[in-house]
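Novice: Can you keep this structure in mind? I'll have questions shortly.
The values are calculated or read from the model by the stated rules, or taken from the named source; none is laboratory data. Fair warning: this is a prediction, and the values are worked out from it, not measured in the lab. As a convention, Cβ positions derive from the backbone with ideal geometry for all residues, glycine included, and neighbour counts pool all protein chains shown. The accessibility values were calculated without ligands, DNA or RNA, using every heavy atom of the protein model including side chains. Shrake-Rupley method; radii C 1.70, N 1.55, O 1.52, S 1.80 Å.
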Amino acid sequence: MGFRRLRLLLLHLSVAVAFVSATDHIVGGHLGWNPNINYTLWANNQTIYVNDLISFRYQKNMYNVFEVNKTGYENCTMDGLAGNWSSGKDFIPLDQAKTYYFICGNGFCFSGMKVSVTVHPLNASSAAPPNASTHGAAGSAAPAGIRSWPSNAVALLVAAAASIVIGSGVGI
């Protein structure tokens, strides 16, 4: 019976690791999704990995978000429309290593409301772009391509493991 509980504990830990390692990238930071903001500069300061989220914060009845292809992005059209959101607080999972293109409809794309983001694979052999921000806590220095853990992730993982061990009666 002890091995069964240990396997269950390991399963819970692996799920916890996958959960705590994703990052939510808020487009525009504190400025949000609004006209006349340099989103290229914002995107160049992000290091985004597969399974991270990109979120858009904006006035619900004024703006929106469309995922388009490169042509749609460059010309502010709906070419290659792959998704649309209009809640004012949209969380979009980035589940593939590729470049994603997002624009605002209603003509605001022409006022700069468009952003392209490159999503990197999770494997350690892929090097992070030079001058890219680290993916973990502020000031952390992880080797290129190795995803560093946010400081609260380790604490959350330990707390989850402790609660599982205590709750299941497994002694260490």
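Novice: The conditions are (1) modelled with pLDDT of 95 or more; (2) touching a Ser or Thr at 6+ places or on another chain (Cβ under 7 Å); (3) over 13 Å from residue 117 (Cβ atoms), and residue 63 fails exactly one of them. Which is it?
Specialist: Condition (2) is where residue 63 drops out.
Novice: Which condition from (1) free of Cβ contacts under 8 Å to residues at least 40 places away in the same chain; (2) under 16 Å from residue 109 (Cα atoms); (3) open to solvent by less than 30 Å² (accessible area, probe 1.4 Å) is the one that residue 90 breaks?
Specialist: That leaves (2) as the condition not met.
Novice: Give all pairs with beta carbons closer than 7 Å in which a residue from region 55-73 that is without any contact (Cβ under 8 Å) to a residue 12 or more places away in the chain meets a residue that is assigned to a loop (DSSP other than H, G, I, E, B); count only pairs at least 6 apart in sequence or on separate chains.
Specialist: 71/79; 71/80
Novice: Could you list, in sequence order, all residues of region 23-43 that are of a type outside the set (D, E, K, R), open to solvent by 30 Å² or more (accessible area, probe 1.4 Å) and touching a residue at least 60 places away in the same chain (Cβ under 8 Å)?
Specialist: Listed by number, the residues that qualify are 23, 34, 35, 36, 37, 38, 40, 42.
Novice: So, in region 104-122, of the ones that are part of a strand (DSSP E or B) and either open to solvent by less than 10 Å² (accessible area, probe 1.4 Å) or among the acidic types (Asp, Glu) (or both), which residue ends up farthest from residue 22 (Cα to Cα)?
Specialist: Here the residue is 115.
Novice: Select from region 44-79 the residues that are open to solvent by less than 50 Å² (accessible area, probe 1.4 Å) and in a helix (DSSP H, G or I) and list them in ascending order.
Specialist: Hits for region 44-79 are 72, 73.
Novice: Here is a follow-up. Conditions first: (1) open to solvent by 50 Å² or more (accessible area, probe 1.4 Å); (2) touching a helix residue (DSSP H, G or I) at 6+ places or on another chain (Cβ under 9 Å); (3) within 21 Å of residue 22 (Cα to Cα). Residue 101 passes all but one, so which condition is the exception?
Specialist: Going through (1) open to solvent by 50 Å² or more (accessible area, probe 1.4 Å); (2) touching a helix residue (DSSP H, G or I) at 6+ places or on another chain (Cβ under 9 Å); (3) within 21 Å of residue 22 (Cα to Cα) one by one, residue 101 breaks only (1).
Novice: Scan region 21-46 for residues that are among the polar types (S, T, N, Q) and farther than 19 Å from residue 108 by Cα and jot them down.
Specialist: Across region 21-46, the qualifying residues are 21, 23, 44, 45, 46.
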